[in-house]
Each structure stands twice: as C-alpha cells, then as structure tokens.
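Here the structure is laid out as structure tokens; the discussion comes afterwards.
The values are calculated or read from the model by the stated rules, or taken from the named source; none is laboratory data. Since the model is a prediction, treat every value here as computed from it, not as a measurement. Note: ideal-geometry Cβ built from the backbone for every residue, glycine included; neighbour counts use all protein chains shown. To get the accessible areas, we keep the full protein, side chains included, count just its heavy atoms, and leave off ligands, DNA and RNA. Shrake-Rupley method; radii C 1.70, N 1.55, O 1.52, S 1.80 Å.
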Amino acid sequence: MSQSSQDETIKCIEGYVNPQSEESKKTSSLNSILLGLVSKRIDIQDIVLGLGDYLNTKDSILRARGTLLLSEVLCRLPDYKLNQDQIHFLSMFYCDRLQDTPCAAEVVKEVHPSSLTHAHRKMVLQIIEIMFNKCLGEIQELKNDFMVGYLQFIDNEKDPRNLIYSFKLMPKVIYNIPEHKNFLESLFEILSCYFPISFNPKGNDPNAITRDDLSNSLLNCFSCTPLFAEYSIPFLIDKICSNLVETKIEALKALVYCCDRYGGEAIRPFLEDIWSALRTQILTHKNASVIEESKKTIFYLCKSLTKDQKVLESFLAIMIRECLHHIKSSQDSKIAIYCASILYQAISSSLLSSKIILIHVLPNLFKFFKELQQEDSVTKTNEQNSVLGLFSDLLKANSLAFDINSTSDTEVINPLTPFVEQLYQLFTDLLVNPSSAIRASSIECLSFLYISKKVKTNENGENEFLLDIEKRQVIIKNLVSLLNENDSTLRHKSLESLFNIASNENPKVINEYAIPTLLQMINSVHTDSTTTDQLKDLKNYLEAFSKLCTHQPLLESVIPQIQILIQHNIKDTYQNEQDFQKCILILKAISSILEKSTNQVTMTICSDSILLPLIKGLYKQIIFSSPTTFNLDYFNQILTASLKMIHSIVENTSLDSQTKKLYSLIDLFLKGDLKVLGFTDDEISNKQILPFENNITKENENIRLLIPIFTTCISQSKSDLSSNDQLKQSLYEMSLNTNVSETTSISCNKAYASILNKQPDDVNNYPTDFEFFENNLIKVIKSPESPIEYRIRCLDLLTWCTKALLTNGNKINIQLGNCISDIISTVTDSNEITSRASKSFDILLDNTDVLNEKSGSVIKILYDQKFFTLMFPILLESFKKYKATPSISSHYLMAISYLLRHVPKEVLLSELNEILPIVMQSLKSNDSNSLELLESSLQTLKMLINETPNSFISYLDSLIPSLIQISVKSPQYNLRRLALEILTLISKLLPFHNLFQFKQDVTTGIIPCLDDKKRIVRKQASNCRNNWFILQK
C-alpha cells in the first residue's frame, strides 16, 4: 500500500472512530474504506494495523468504535473474499477483543458484573444464550464451574432489561445443566429477592418492559423445576401471611401457578401448611379481595390436583375435617358460612373433588340435620336453615362441576346419584315445615336438585335428570301451589325456582305441568266477587306466568295459551269494574312478555297466531258496541296495552311475515275488508268500517280509535311502502285532520314519516322536494287566517317529516330545520305554535319508538352531529338577533337547549365558548316554559362541569347564586336535586381559591333544602353542604 493510501486510510479511520465527528463524516469515512477494499487499494490487515492505537487505548468508547468499524466493514461486504491467512488473522483479532471483555469460558469464570455497565451485562447474557443454542456440549462440560459463574453473574441484578433476560435464561440453565441440583437453594435465594415485582415502567421506555412481563418471567423461574417446591412453597406461604394486601394476592396467584407446574408429589409435604395459610386468610382476614383470591386459590389447587387423586384426597381430607367441625360447632357464625364457601369452591373445581367431598360430607350433614330436627328451639331452627343453605351450595357447586368439567363421555356418573332419594325426601318433607325460612331454603334446594343431571346429555342431546319425571312433576306442582302463599318471600323463592327449572327443563314438561296450573289459577279469579286480595293474587300469578314466559323456548310453546287469554279478555262488554281490571292486568302481563322477547322466530309465530286475533278483538269492541254500552276509557286502556303488543310483534317479526300481514292490514283499514280478520258475512252484514274515510258520521266516529293499530304496524314495518299512493294520501290527510285526537294525529305523523324515511332515492313521485313542504305545510303554519289547531297539525307533520329526512340524510333536512327555526320568530299570533316549534328540536334528535334501526329505518351515520353543526349557528344567530324580545328569544333558548341535550359531549366541547353563555342565560329564564328549559340546561351544565370545570371559573359570580335559588325555590324536586348535584360537583372540581369566597353563601343558602319534603333532595343537600364545609386547598 502506497504512503498516500496509508495516510488516507488512517484519516478515514480517525474520522469514523472519533466520537466527536459528525454523522455525515462518519458515514463518508466508512464509505471511503469500503471503496478502498473493493478497489483493492487497501487490505483488511491495513485497517487492523491502522486501528492499533485505538484498540490499545484505555478509553472504552474508542476501543468500542474501533472494533465496530471492522465489524461494519465485514458486515457490509459479505461477498468480500478472505484467504486462509486473513481468516486466521481476524479470528485472532476478535479473540483478543474478547479478552477486553472476558467471555466464552471466561464469561463464567472471570466476569465481574459489578465492573460492567448494564449494556455489557446484557451482552454477556446474550452470549450465554447463544452458547446454549450452539455450544451446549461445551457449556455442560463446565458443570459446577458454570453454575458458580452463572450465580455470581445474575446475583444482585437491578436493571429490568437485564432481569427479564436473566429470568428467561434461567429455565434453560435448569433444563440443560444437571448440576443445578447442587445449587437449588442459592438459585432460589437469588430469585426470591425479586418477589413480588415492584416496578413502575417509564412512559418513554423504548424496551417497553412492563411489570407483568417481569412477574410472569419470574414465575416461570419459580416453577421451572419441582425441586424448587422445597423452597418456593414455604416462601410463598410466608408472603401470603404478609401485612400487605398486594403481596398476599400476588403470592396466592404465584402459589396456584407453581403448584400446577410442580405436580402433586412435589407439594404433598406442604398440604397442611397450604391449607392452614388459606384457611387463615378466609376465616380471619377483613379484606374482601384477599378472601376472594384465597377461595379462587382453593378452586384452582383442587382443579390442578385432580391429576393426582391420592394427593387430592389427602388435601380434601384435611379440608373436610376442619370445615365439618366448624359447621357443626358454630352454625350461625361467620366461620361456618366461610367454611361452606370453601367446600363450594372445592366441589365446583372438578367432578373428582365433588365425588370425594360429597361422599364424606353429605352423610354427616344428614345425621347432623336429623339431630337438629329433634330439638324445637328457635336457635336450632336457625341452625337447620344454615345447614339447608349448605345443602343448597353443595348442590349448586356439584351442578357447576358436572356441567363445566365433565368430559365428552356421556356416561360420567353424577356424584349425587347415591344420595338423590334421601335428598329428595328431606327437601319435600320440609315444604310443610312451620318455619317459612326453612320452607324457602328447601324450595331453593329442590330447584337445584331438580336441575342436577344424571349424565351430561342423552343420545338425543337432551338433559337427563337425576330425578325421574314423576318426582319432577311433584316438585313443579308444589312450587306452583306455593305461589298462593301470603308470604312474599316464599312466593318469590318459588317463582325464582320455577324459572331456574324452566331454563333447564324441556319446555314441554313445563307446559304440561306448570302452565296449565298457572292458567287455571289466573282464570279462577272470579270477577263477580273480586276483592282486593284476589286482584293481588292475580298479580302474583301473572308475575309468575310472565317470568316463566321470558324463557324463549317456553314462550314458543305457550303462544296458543296466550292467544286464548287475549280472546277471553278482550270482550265486547265487561260485567263490572273488577272484570275489566282483570282484563287489563292480563293484557299488561302479556305485553310485558312480548316486550322482553326479541327472538325473530318466536315473534314470527306470535305474528301468525296472535296479531290478527288481537286486532279482531279490538274491532269487535268498536263494531258490536252501542253508544250506550261503549266505554271510551276502558277501550283506551285496552288499546294502550294492545299497541305495545302489536309494536313488539311487528318490530321483531321476519320481513316476509311482516310484509304479508301489512298488505292484509292495508286492505282492512283502507278498503274495509273485514274478512282479513276472519269475520263471517253474517257478522259484518251491512257494516262498513273505513277508519280513514273523511265523511264519518258522529255515531260512527269511534272507528277512528282503531287508526293507531294500523299506524303502529306501518311505523314498525321494514318494508318500503312508498309506492302505495292511497296509503300515503290517507296518512297525510289524517295527520292534518282536526276531528281526530292529537294522539291519533301524531301516530299518523309517525307512520307517514316512516314511509318517507324508507323511500329510495330514485323514486320521484314522492314529496321529498322542499317546494311541496313549503306550499302545503309551511305557508299554512305561517298564515294567521288558518285555524290554530290546523296550523298545529301542520307543524307536527312538518316536524316528523323533517326527522325522517334528517335520519336518512336527505339534503333538504337543513332547509326544513331552518324553516322551523323561522316559525319561532315569524309566527307572532300564537304562543302555542312558537312553543311547539322550539320543542320540535327535541323530537328531531330524540330517540323515539319509530325511525330507528329496529323498525328498519335508514339511519345515516353521525346525522345528529351534522345537524347540530349546521343548525346551531342558525339558532344562535336568531337568539342574538331577538335577544331584546324575550317572548321570542326564550323560545330560541329552548330550541338551543333541546339541541344541546341530544348531542355527544365531544361535539358540545368543540363549541364550548358559544354554549356556555347560552346555558348561563337559560338558568335565569322566566318564561312559562322555563321548567323544561331549566331541566335541559341543568343536564347540559352538569355534563360540561364534569368535562371542563375550569371553563366556569369566570361565571361563578352568577352561576352559584342561580343554583342556590333553583335548589331552594324550584317547584320540581328533580330540578332542586340537579342544582344541588351541580353545586357538589363545583366544590369537588374547581380550585379552592376560586370557591372559598362562596363557601358561606352556599352553606347558608341551601339550609332550607335540608328540610325539603323529598328525601332524595334532603340527602343531596346534606352531601352538598358537607362538601362545601370541608373545602380544602
């Protein structure tokens, strides 16, 4: 190599190795060296010779940079050919460098971790891992020397990055170095000092090591060999007895993990100590989380020990002996209750545990209970009830173990099988016990015995129970008969048990034995002599019937009975008030059943079986009643309950079934085809029933009461009916008809809006253009010449049409919203119209029973936020414009308040600067609608204070006096409570120095609230006053 090339090489080496050099210079220097090698101007030995001074310096950084340069050159030129001498030369070079930080065999003999940085210590651990992967034989030859060096190296490590590496390396050492057995105690001493892990990672930690990572790795070390059990189990038991709750819980989890990995034989010597520690925590500790974790530990230990039956039997024998002792000696004590819960956890862990425990415990409980029955004292009665509670827990736990833990083998025998007859006899005999508490406990026990299975499933995939059908039938009849009891506890317990049974039993069995009896009891209430007590009994029977029918498979089987109940109770006339009250109770119960059912198959069956008969019953009340016998109040109550049923059925029915029914109902209501309901020619001779006909005589006006039936079906329809012009026109005209009730008109509005919402974009014959609404509705609303009532109907229809077009994203929805806003200021002759216009904004964004996803409506994403973003500035500008005219500005304030109520808080916060003055203004409103405005504003205010409390600091001077006044003088208790809640929030969330000046005003001002007539207000006032008294910096 020439002198110039040598000088250039040395210059490049200096440029790269010098840590003060800029990155660009380092890169250019490295590139120059690489080019020199490729062009063969320099050789690899030249580079090593040029690095001589840097490799011999005492500066570790320069030595590292020099070695890095050579490594970079070799890595970046993988195709650079080396001859034999160069390979030998480089090998010797790197061996010499390794002497700089001793490694290989020297790693375990000469490395002194205290003299190394954490990065170098990590490198050593990485080298050891590589050696395990590639040079295992050489490592194993070191035997005890390796273990001594390894122990020395990992001891006292504190850096979490190195710790997790050490923990992950430990199992490899245990598995591959047999000599570890000579160092078990030392290994565990080093590991144990890290338990429990107390590490809080830094938010900017690039290694992203978490406490869980370290903890899991440490547990893997603890459990990597059963030989550690000798040290780890006593250690963990000692930690379980610690005074720190977190340490106890961590140790309990670690104990479960280790015992599962060690196996039964390894932990056999410690069974007594483990039980003693767990028992002490459960029976004496006051912290609920420690008690629950200890119970879980028993569950998982028993589950784990199932692999070794003898060890499990030994552990359970200790547990059973002590638990039975406490149960017998201290029946009413807390200790006995905890012992019962311990047995529950152990039994539910596995079928084997259940079998072992039940064989020993049940005979003792039978004997003990028999002894208690021979004594009549009240104390012994309480003890009997406690034992029955234990029976119930054992049955429940066994069912859980049988359902969850049994294998796919259907021949697994239930551990209760030998005791089933004795249990059945005991519990059925106790149903006549004079103590209602004992009877209630026996009811619960019977229900759990009932659902206990003989095998997991039979060949047909059905449950096969321990009890035969005759005994199950007796239990069902007894439980149903107990629904007649005056004791509400017994009734509720019987009902819960029946529902528990119905959830597991074949619906046919319940329908055969329970439902007929319940229906007989319901029908046995005679209306000619119905008393208050009888109506109370009827409510109890209906409650039982309703709860049972919420179980979907059972509901399907009782639909025919529900149909019969409806037909028998929607009558042409009623004998008396009691007869009618019975009808209403039954209809409300059925309505409740159908409201809770959302299963499409079940509701489609209901549609086929119940819908048309229900409508027919309502028609008959109108058709066959005379003006003298027709009771409007009765009909409205029946109609209300029936509409809820119709709503539930239509909403959850399949589309095909729904469509067929809708076309039949259109023929019925618009064409008067009564044959749709199954009326015969004789029944409907000369009767024309057309509810939507305009020219209806006064004596036939009752037929319009049927319109909500039709509109409810249309509103919940998922079908597109926009092509039916007669339907649209009929609904439109009836919406504006002032001769029908407002309720009927609104129902037509909803149906019309529902059709409008589902209309496809490519349909042009439907009124979705702004001109139609302007000419037919908006001009009428603004016209003083039109009757007020008609203008109100137009406004209601406009509101619902706007909502329909708003939800489906039609482009004219903002235009229509703007028109409603204009009505507030332009209609000056009617306060009712302007008030309704402001309240329209509540309807536009509120969640209603129509125009939702369940009714198949078209709902555009974020439609409400988009509407708010565009509409809020319009309303705000109008409010500011008419601020000098309170009669108008108050209605705009109301509209804004309703708009704020239905918008997500994220949207509100984005407009906070504009919203806060509006909310503060609304608190001082004296308008006739101020109560509604106040409620809406207070709700918004509460949310805003929760989210951005400091935004209200500048408003405190006016806000706090306003809230005090509302809390004391508002006529509605809900507003008083809300105002006090907000004052409480202010005391908690705002800075002390801003609040201190108001402390006296608040604590004195809300004193009258402490004597408020509503308890909820008094409670909130006390809480609020306490918070203001203890204001702290």
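What to note about this one:
- For segment 257-345, the number of Lys pairs separated by eight or more positions or lying on different chains, with C-alpha atoms closer than 28 Å, is 17.
- Taking a ≥ b ≥ c as the square roots of the eigenvalues of the Cα gyration tensor, segment 910-1030 is classed as oblate, since a/c reaches at least 1.5 and a/b does not exceed b/c.
- The charge dipole of segment 667-723, taken about the Cα centre with unit charges on the Cβ atoms of Lys, Arg (+1) and Asp, Glu (-1), comes to about 200 debye, rounded to the nearest 20.
- Applying a DSSP loop filter and a limit of 10 other Cβ atoms within 10 Å to the trypsin sites (Lys or Arg not before Pro) in segment 801-891 leaves Lys811.
- Structural descriptor for the chain: relative contact order 4 percent, calculated from alpha carbon pairs under 8 angstrom and at least 6 residues apart.
- With each label modelled as a point 7 angstrom along the Cα→C-beta vector, the Lys866-Asn220 pair spans 5.1 nm.
- Within the accessible area of segment 269-421, the carbon and sulfur atoms contribute 54%, probe 1.4 Å, all protein chains present.
- Long pairs among Lys582/Lys661; Lys750/Lys942; Lys143/Lys168; Lys380/Lys454; Lys883/Lys999; Lys508/Lys547, criterion Cα-Cα beyond 22 Å: Lys582/Lys661; Lys750/Lys942; Lys380/Lys454; Lys883/Lys999
- In plain terms, if you count all Cα to Cα distances in segment 658-748 and split them into 10 Å steps from zero, the share in each step is 15, 51, 29, 5 percent.
- Using alpha-carbon coordinates, inclination of helix 229-240 to the longest axis of the chain, degrees: 50
- Sorted from longest to shortest, the spans of the Cα atoms of segment 480-627 along the three principal axes equal 50, 38, 22 Å.
- Shape call, the chain: gyration tensor on alpha carbons, a/c limit 1.5: oblate
- Of Leu989, Gln921, Cys1009, farthest towards positive along the dipole that unit charges on Lys, Arg, Asp, Glu beta carbons give segment 910-1030: Cys1009
- Stretchable slack from Gln86 to Ile953, in nm (0.36 nm times residue separation minus alpha-carbon distance): 304.3 nm
- The chain: angle of helix 420-429 to the longest principal axis, Cα-based, in degrees nearest 10: 40
- Projected label distance in nm at Asn700 and His360, using a 7 Å step from Cα toward the beta-carbon: 8.5
- Remark: the chain carries 46 Å² of accessible area per residue (probe radius 1.4 Å; ligands, DNA and RNA excluded).
- Accessible surface of segment 723-903 [probe 1.4 Å, protein heavy atoms]: carbon and sulfur percent: 48
- Subset of Lys644/Lys687; Lys122/Lys172; Lys620/Lys728 violating a 25 Å alpha-carbon distance limit: Lys644/Lys687; Lys620/Lys728
- Zone residues, segment 239-254, relative to Glu322, backbone N less than 14 Å from point 7 Å out along Cα-to-Cβ: 241
- Selection among Cys323, Cys606, Asn162 by position relative to the dipole of the chain gives Cys323 as farthest towards the positive end (Cβ unit charges, Cα centre).
- Surface accessible to a 1.4 Å probe, Ser878 within the full protein complex, Å²: 20
- Peptides 931-938, 367-374 ordered by average Cβ neighbours within 10 Å, highest first: 931-938, 367-374
- Amide N proximity, segment 825-857 versus Glu877 label position 7 Å along Cα-to-Cβ, cut-off under 11 Å: none
- Over the residues of the chain, the helix contribution to mean residue ellipticity at 222 nm works out to -22000 deg cm²/dmol, using -39500 (n - 2.57) for each DSSP H run of at least 4.
- Unit charges on C-beta of K, R, D, E only; dipole of segment 635-680, Debye: 80
- Cα-centre dipole for the chain with unit charges at Cβ (Lys and Arg positive, Asp and Glu negative), debye to 20: 1620
- Note on the chain: dipole from Cβ charges, positive end direction compared against Ala229, Gln45, Gln759; the farthest Cα belongs to Ala229.
- When each of the peptides 947-960, 610-623 is scored by the mean number of other C-beta atoms lying within 10 Å of its residues, the order from highest to lowest reads 610-623, 947-960.
- Segment 723-903 shape via C-alpha gyration tensor axes, a/c threshold 1.5: oblate
- Angle in degrees between helix 271-284 and the longest Cα principal axis of the chain, rounded to the nearest 10: 40
- Segments 915-924, 393-402 sorted - mean Cβ within 10 Å per residue, highest first: 393-402, 915-924
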